[in-house]
Structures are given as C-alpha cells and as structure tokens.
C-alpha cells in the first residue's frame with residue numbers, strides 16, 4: 001500500500017470511530033483490518049446492496065460501503081432500537097433507506113473533510129444501490145484496492161469497506177500526497193505573493209536578480225496542499241514569524257502560481273484547520289531575518305532577502321538551490 005493512501009485510510013478509520021460513537025451514542029472502535037488488492041467480486045451481493053456513498057474528487061472516486069450486518073445494526077439504533085437486530089434477507093425499507101442515506105451523508109462529510117485539501121472539487125454522496133455501475137467503478141472483474149475496516153461495536157465485529165479502482169490509484173495518491181501525515185496533521189504554507197514570471201523565465205534568474213511578488217488583495221494566502229483556504233496578515237510571536245487569519249478564502253483559486261515567495265510553513269491537525277477563523281494565529285517555521293524561499297512550480301529554487309520597491313514587495317536572490 002502506498003504511504004499517502006495508507007495514511008488517508010487510517011485517518012478515515014479514526015474519524016469513523018468518532019462518528020459512530022457520536023451518532024450511535026455507543027462505544028465504537030474502527031481499525032484497519034486488511035489492505036489488499038482484491039477483485040470486487042469478493043464482495044458479496046449482500047454487501048453491494050448495503051448503504052454506500054460514492055465520493056468523487058479530482059478525476060477519481062472512492063466507495064464507502066457498510067457490511068449488511070453493520071448496516072442493519074446502525075439502522076436499528078438510529079431508529080430507536082438496541083442495535084442487536086439480526087441480518088434479514090430482504091431489501092431495506094423506504095424508511096430505512098432514508099435513515100441510511102442520512103447516516104452515509106455524515107460519513108461522506110467526514111471523508112470530504114480529509115479529502116478537500118488536495119482535491120479540485122468537493123466529494124458528493126451518490127445513490128446507495130448499484131453504485132459500482134453508475135459511478136464508473138469496475139463491474140466486478142477488474143481489481144479494486146480494498147481497505148477493510150473492522151468496527152468493534154457492542155463487543156461484536158462488523159466491517160466497512162473503502163473501495164478504490166486500481167485505475168484511479170495514481171490519481172488518489174496525487175490528491176493525498178503531502179496533504180497530511182499519519183497523525184492527521186495538514187501542512188499549511190503561507191505565500192507572500194506571486195510573480196508574473198513563468199517557469200522558463202524563472203529558470204534564467206541569477207544571484208542579485210530581484211523578483212517582485214504581488215500579494216493578493218486582502219492579505220497573504222494560506223494554503224493546505226495546493227488549495228487556498230485563508231487570507232492572513234503577517235506578524236511575529238516571540239522570535240518567530242507568525243500570521244493572523246483575516247478570513248476564509250472565498251476567491252476563485254487558480255492553483256499553485258508558477259513563481260511565488262514563501263513566508264513559512266506550519267503543521268496543524270486537519271480538524272483545527274477546518275475550524276480556522278479570523279483572529280486565529282499561526283506560528284510559522286521561520287525567523288524574521290531568515291532568507292525567504294522562492295518557489296518555482298511549488299518547489300524551492302532560490303532564497304533571498306525581502307525588499308520594498310515602489311511600495312511593492314520583492315525578493316533579491318542571494319542563493320540558488
């Protein structure tokens with residue numbers, strides 16, 4: 001299993017545990033039991049007709065499926081029962097489908113929270129039944145990457161599945177790469193501003209050259225992965241550079257600029273990042289007099305000194321990397 005996908009699934013398992021505990025008011029533990037590349041046909045028809053959310057993002061999809069036994073236990077609890085109902089060989093009723101859809105929407109929200117840092121668009125909940133054929137998933141003959149999550153609930157073990165088409169694995173990893181670590185921490189970067197230079201022009205820069213950087217209207221950009229999430233203003237806490245959040249980012253995000261100047265970085269847990277609001281302070285990994293990295297296509301290519309030219313910020317290159 002590739003690291004980015006593995007970290008994502010483990011973080012999602014922890015989130016599922018929190019959700020089950022809150023929604024069902026019972027002690028629930030979720031852990032990864034097995035992660036393997038298996039054919040979709042190994043999922044029984046009983047599982048394939050269980051409540052499922054198909055989540056789409058950045059050109060790929062993930063399916064989250066409750067095992068039928070777990071689905072009936074969850075439904076029974078949410079409808080006022082004790083969750084000890086046995087698996088019945090019948091379709092879900094209209095009421096049960098409506099309750100299950102609401103529950104899966106909560107699961108979708110948790111998954112979306114983890115996914116959104118690298119995704120180009122938010123995830124959405126799809127139909128419960130026939131999700132393989134209607135969402136572009138393989139019909140059952142092609143391989144899937146199956147993450148099997150064990151759910152310990154009321155001293156019995158039930159299963160959840162996260163299904164990723166093999167053909168989408170590269171896209172999934174691309175979305176998740178560097179978004180967060182195994183502890184659920186998101187890497188935030190704060191940009192001073194971007195330059196009008198393109199990558200080719202940046203490649204001709206040398207020692208002593210000055211690159212003007214124009215901060216966006218309203219403040220510095222705080223990014224989670226490649227996604228702009230907040231605007232901020234610079235400051236200091238002790239002997240470290242810090243920024244104060246001005247507001248959530250509401251402009252049209254055009255993606256990572258070709259050339260930009262980086263004020264600093266910090267890691268925060270993804271739940272804290274979701275809650276960032278005006279007035280919150282982020283202490284960055286940089287001292288006030290430290291050189292400023294100049295990024296080309298998101299990668300550090302030079303370091304320099306911040307200067308002001310005609311009321312505009314600039315970076316005078318001191319070192320090429």
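The sole residue among 54, 47 that is at pLDDT below 80 and in a strand (DSSP E or B) is 54. Evaluate the following for residue 74: is it more than 15 Å from residue 26 (Cα to Cα) and modelled with pLDDT of 75 or more? Considered against the rule, which asks whether it is more than 15 Å from residue 26 (Cα to Cα) and modelled with pLDDT of 75 or more, residue 74 comes out as no. List pairs: first residue in segment 204-229 and under 23 Å from residue 275 (Cα atoms) and assigned by TED's automatic domain parsing to the domain that holds residue 279, second residue surrounded by fewer than 15 Cβ atoms within 10 Å (Cβ to Cβ) and at pLDDT below 85 anywhere in the structure, Cβ distance under 6 angstrom, at least six positions apart or on different chains. So the pair list comes out as 228/253. Flag: residue 276 does not match the condition of being part of a strand (DSSP E or B), modelled with pLDDT of 85 or more and under 21 Å from residue 187 (Cβ atoms). Mind listing just one residue for me: the one in segment 26-44 that is surrounded by fewer than 18 Cβ atoms within 10 Å (Cβ to Cβ) and in a helix (DSSP H, G or I) and, of those, modelled with the highest pLDDT? Checking each candidate, the answer is 42.
Of all residues in segment 131-181, those satisfying the criterion of being at pLDDT below 60 and either crowded, with 17+ Cβ neighbours inside 10 Å or in contact with a helix residue (DSSP H, G or I) (Cβ under 8 Å, 6 or more places away or on another chain) (or both) are 131, 132, 135, 137, 138, 139, 140, 141, 142, 143.
Among the residues making up segment 195-215, those that are over 15 Å from residue 256 (Cα atoms) and not in a helix (DSSP H, G or I) are 203, 204, 205, 206, 207, 208, 209, 210, 211, 212. Is at least one residue of segment 240-252 part of a strand (DSSP E or B) and over 25 Å from the mean Cα position of the chain (by Cα)? Yes, the conditions are met somewhere in segment 240-252.
In the condition set (1) crowded, with 17+ Cβ neighbours inside 10 Å; (2) at pLDDT 70 or above, residue 23 is compliant with all but (1). Just one of the listed residues (302, 258) is surrounded by 16 or more Cβ atoms within 10 Å (Cβ to Cβ) and in contact with a helix residue (DSSP H, G or I) (Cβ under 8 Å, 6 or more places away or on another chain), and it is 258. Quickly run through segment 176-194 and pick out the residues that are outside any loop (DSSP other than H, G, I, E, B) and closer than 24 Å to residue 302 by Cβ. Selection gives 187, 188, 189, 190, 191, 192, 193, 194. Just so you know, in segment 284-300 the residues that are in a strand (DSSP E or B) and over 14 Å from residue 213 (Cβ atoms) include one that is nearest to the chain's Cα centre (by Cα), and it is 299.
Among residues of segment 270-287 that are in contact (Cβ under 8 Å) with a residue 40 or more places away in the chain, those with a Cβ under 7 angstrom from a residue that is in a helix (DSSP H, G or I) and surrounded by 13 or more Cβ atoms within 10 Å (Cβ to Cβ), sequence gap 6+ or separate chain, pair up as 270/113; 270/114; 274/113.
The values are calculated or read from the model by the stated rules, or taken from the named source; none is laboratory data. Bear in mind the structure is a predicted one, so any value in this text is a computation, not a measurement. Every residue, glycine among them, receives a Cβ derived from its backbone with ideal geometry; neighbour counts consider all protein chains shown.
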